[in-house]
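See below for the structure under consideration.
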Amino acid sequence: MNKKLLAVAISSAAFASQAVAIELYNEDGTTFSVGGHVSVAVGDVNSSDRQGDDDIGIESVSPRINFNVTHDIGNGFTADAKGEWALNYLDGGENAFTTRLGYLGLTHDDFGRAVAGTQWAPYYSVSGVADMPIAFANDFIYDDHGNLGTGRGEEMLSYGNSVDFGEAGTLNLGVAWQGRKVDDVSYTSTVSFENEYGNRAQIALNYSIADVTANYAFNTGDVNFGSVGSQTAESHVLSATYGSYGKEGIYLAGVYAMNEYMNSSSGIALEETTAVELLASYAFSNSINVSVNYEAVEDDKESATVYSTSALQAEYNFTSNFVGFAGYEFDLQGSGTYKDKADDKWLIGARYYL
């Protein structure tokens with residue numbers, strides 16, 4: 001296993017557009033660093049939480065702070081620990097920090113990497129390849145993602161390793177397991193259910209050669225949903241990319257997921273859905289990065305669109321630590337019983353990487 005994979009694993013996010021951290025300590029095989037970002041914007045995203053449908057407000061855009069520790073324990077093994085918390089700096093008197101990540105990892109050049117705790121799931125290495133722009137990106141992978149292990153998997157044990165074929169490319173393998181748990185899942189401010197999650201397992205394969213990747217993941221486990229009873233919630237997801245997001249030139253990514261009880265609408269887990277995310281971006285030499293994306297979730301049983309959106313976005317690196325961004329998301333609406341009033345969204349803001 002390449003040492004570079006450890007650096008990726010302890011970064012603030014698996015597919016962050018850039019990972020910046022301040023190293024505070026590095027001595028005798030031990031390092032300690034602090035990272036994350038503060039992100040704020042003006043826009044119309046959460047208008048339903050305010051008085052009018054078109055009210056403009058200040059929005060936080062997934063801000064977080066994290067610490068990373070690594071320690072060389074000898075014989076080729078490196079231990080690392082990470083804690084990451086979402087920041088709430090807009091609502092006075094509310095909880096300031098909530099857990100995003102927290103895990104302990106062990107990495108060896110040949111034997112691979114094992115991680116225990118709340119972490120980015122192997123599944124996300126496949127589904128998250130289009131989850132790149134700051135303002136608007138993948139939504140469907142975050143439906144109950146902590147319990148289902150589609151984004152940041154909670155209470156997860158994972159293992160990963162890679163095989164380097166030289167000029168023929170690199171193959172990465174990731175597997176993960178989550179134990180039984182019971183959780184109250186809130187789908188909206190007024191709708192919540194108690195779900196009982198059985199043992200869950202997943203496997204992810206990532207193959208890269210030159211500037212191209214091809215990826216596949218499978219995620220499965222039984223869930224006793226408070227809304228629809230006991231079901232097997234599982235997903236097959238395929239993705240592919242070309243280029244590197246944010247680096248000069250073009251980046252293309254596509255994700256296609258075939259899901260059973262992995263997506264929901266109005267608090268009800270949907271029996272069969274198909275989810276698609278497409279992203280195309282171009283980074284200019286002057287640090288401007290423009291992108292367009294499309295996302296849709298289809299209810300295969302109802303032959304109807306649950307929702308579909310498309311967004312135009314731009315990001316500009318004023319410095320390596322300070323990024324401005326703007327985006328406008330068009331609500332292309334659902335169909336059938338899912339059709340509702342169009343709710344376009346926009347954001348203009350800045351992100352400062354610690």
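The values are calculated or read from the model by the stated rules, or taken from the named source; none is laboratory data. As the structure is a computational prediction, the values presented were derived from the model and not from experiment. Positions of Cβ are generated from backbone atoms using ideal geometry, with glycine treated the same way; all protein chains shown enter the neighbour counts.
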Number of the exception - Ser285 against (1) over 19 Å from Thr213 (Cβ atoms); (2) in a strand (DSSP E or B); (3) not aliphatic (A, V, I, L, M): (2)
Residues of segment 300-311 satisfying the condition of being surrounded by fewer than 17 Cβ atoms within 10 Å (Cβ to Cβ) and part of a strand (DSSP E or B): Ala304, Ser310
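Any idea how many residues of segment 327-349 are within 27 Å of Gly246 (Cβ to Cβ), buried (at least 18 other Cβ atoms within 10 Å of the Cβ) and of a type outside the set (Ser, Thr, Tyr)?
So the first thing to find is which residues in segment 327-349 are within 27 Å of Gly246 (Cβ to Cβ), and the list is 327-332, 344-349.
Subsequent filtering for residues that are buried (at least 18 other Cβ atoms within 10 Å of the Cβ) retains 327-329, 345-347, 349.
Now restrict to residues that are of a type outside the set (Ser, Thr, Tyr): 327, 329, 345-347, 349.
So the count comes out to 6.
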Residue check, Gly102 touching a Leu at 6+ places or on another chain (Cβ under 8 Å) and without any contact (Cβ under 8 Å) to a residue 24 or more places away in the chain: no
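Going by the structure shown, is Glu260 farther than 26 Å from Pro63 by Cα and either surrounded by fewer than 17 Cβ atoms within 10 Å (Cβ to Cβ) or modelled with pLDDT under 95 (or both)? Step through it out loud before you land on a result.
Details: farther than 26 Å from Pro63 by Cα: yes; either surrounded by fewer than 17 Cβ atoms within 10 Å (Cβ to Cβ) or modelled with pLDDT under 95 (or both): no.
Criteria not met by Glu260.
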Single match in Leu279, Leu252 (criterion: free of Cβ contacts under 8 Å to residues at least 60 places away in the same chain and not basic (Lys, Arg)): Leu252
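Which residue, of Thr241, Thr170, is buried (at least 21 other Cβ atoms within 10 Å of the Cβ), over 30 Å from Ser266 (Cα atoms) and touching a residue at least 12 places away in the same chain (Cβ under 8 Å)?
Values: Thr170 fails: buried (at least 21 other Cβ atoms within 10 Å of the Cβ).
After ruling out the rest, the residue left standing is Thr241.
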Residue list for segment 139-163, restricted to those being of a type in the set (S, T, N, Q), buried (at least 23 other Cβ atoms within 10 Å of the Cβ) and touching a helix residue (DSSP H, G or I) at 6+ places or on another chain (Cβ under 9 Å): Thr150
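Could you check segment 285-314 and list, in sequence order, the residues that are over 16 Å from Ser264 (Cα atoms) and over 19 Å from the mean Cα position of the chain (by Cα)? Let's see the steps before the verdict.
Pass one, segment 285-314, residues over 16 Å from Ser264 (Cα atoms): 285-294, 309-314.
Those that are over 16 Å from Ser264 (Cα atoms) and over 19 Å from the mean Cα position of the chain (by Cα): Ser285, Asn286, Ser287, Ile288, Asn289, Val290, Leu312, Ala314.
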Set Ala21, Ala13, Ala86, Ala9: member being at pLDDT below 95 and more than 16 Å from the chain's Cα centre (by Cα): Ala21
Meets criteria (surrounded by fewer than 21 Cβ atoms within 10 Å (Cβ to Cβ), among the aliphatic types (A, V, I, L, M), out of contact with any helix residue (DSSP H, G or I) (no Cβ under 9 Å at 6 or more places or on another chain) and in contact (Cβ under 8 Å) with a residue 40 or more places away in the chain) for Ala314: no
Boolean, Tyr207 is at pLDDT 95 or above and farther than 30 Å from Thr170 by Cα: no
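Condition check: among the β-branched types (Val, Ile, Thr), under 16 Å from Pro133 (Cβ atoms) and within 21 Å of the chain's Cα centre (by Cα). Does Thr273 satisfy that? Walk me through it before giving the result.
On the way: among the β-branched types (Val, Ile, Thr): yes; under 16 Å from Pro133 (Cβ atoms): no; within 21 Å of the chain's Cα centre (by Cα): yes.
Against the criterion (among the β-branched types (Val, Ile, Thr), under 16 Å from Pro133 (Cβ atoms) and within 21 Å of the chain's Cα centre (by Cα)), Thr273 does not qualify.
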In segment 113-126, residue surrounded by the most Cβ atoms within 10 Å (Cβ to Cβ) [restricted to those that are touching a residue at least 60 places away in the same chain (Cβ under 8 Å) and in contact with a Gly (Cβ under 8 Å, 6 or more places away or on another chain)]: Ala121
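Any idea which of Thr78, Thr107 is touching a residue at least 40 places away in the same chain (Cβ under 8 Å) and farther than 30 Å from Gly198 by Cα?
Values: Thr107 fails: farther than 30 Å from Gly198 by Cα.
Every option except Thr78 fails the conditions.
Yes/no per residue for (1) closer than 23 Å to Leu252 by Cα; (2) in contact with a Phe, Trp or Tyr (Cβ under 7 Å, 6 or more places away or on another chain); (3) among the aliphatic types (A, V, I, L, M):
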site: Gln178; (1), (2), (3): no, no, no
site: Ser192; (1), (2), (3): no, no, no
site: Tyr197; (1), (2), (3): no, no, no
site: Ala204; (1), (2), (3): yes, yes, yes
site: Phe218; (1), (2), (3): yes, no, no
site: Ser227; (1), (2), (3): no, yes, no
site: His236; (1), (2), (3): yes, yes, no
Within segment 227-256, considering residues that are in contact with a Gly (Cβ under 9 Å, 6 or more places away or on another chain) and not in a strand (DSSP E or B), the one farthest from Val323 (Cα to Cα): Ser227
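Is it true that Ile268 is in contact with a strand residue (DSSP E or B) (Cβ under 8 Å, 6 or more places away or on another chain) and surrounded by fewer than 19 Cβ atoms within 10 Å (Cβ to Cβ)? Can you show your working first?
Working: in contact with a strand residue (DSSP E or B) (Cβ under 8 Å, 6 or more places away or on another chain): no; surrounded by fewer than 19 Cβ atoms within 10 Å (Cβ to Cβ): yes.
No.
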